[in-house]
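The values are calculated or read from the model by the stated rules, or taken from the named source; none is laboratory data. Fair warning: this is a prediction, and the values are worked out from it, not measured in the lab. Methodologically, a virtual Cβ is constructed for each residue, glycine included, from the backbone with ideal geometry; neighbour enumeration extends over all protein chains shown.
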Amino acid sequence: MTAASSADRPVQWPGAEHVPAEELVRRHGAVPISSVASMARPELFESDDELDDFLRDVYAARRSDLA
């Protein structure tokens with residue numbers, strides 16, 4: 001007889017109930033994205049320099065695991 005490993009069983013959080021994705025969508029009132037343009041937020045960064053700094057940080061973070 002072999003013992004089942006934790007990889008064989010799904011993680012079950014105490015008191016957590018399984019809620020299907022469709023139900024979560026309904027509960028939160030989510031709607032489909034009508035266009036990518038509706039997600040644009042041009043006011044997010046105050047300047048091009050601020051955007052460039054952000055992108056530099058993102059790229060550096062992505063490469064940090066490669067070293």
Exactly one condition in (1) over 21 Å from the mean Cα position of the chain (by Cα); (2) modelled with pLDDT of 65 or more is false for His18; which is it? (1)
Determine whether the stretch 41-58 contains at least one residue that is in a helix (DSSP H, G or I) and of a type in the set (Gly, Ala, Ser). no
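Which of the residues belonging to the stretch 39-58 are touching a helix residue (DSSP H, G or I) at 6+ places or on another chain (Cβ under 9 Å) and surrounded by 10 or more Cβ atoms within 10 Å (Cβ to Cβ)? Reasoning before the result, please.
Within the stretch 39-58, the first condition is being touching a helix residue (DSSP H, G or I) at 6+ places or on another chain (Cβ under 9 Å), and the residues that meet it are 44-45.
Residue satisfying the conditions is Phe45 alone.
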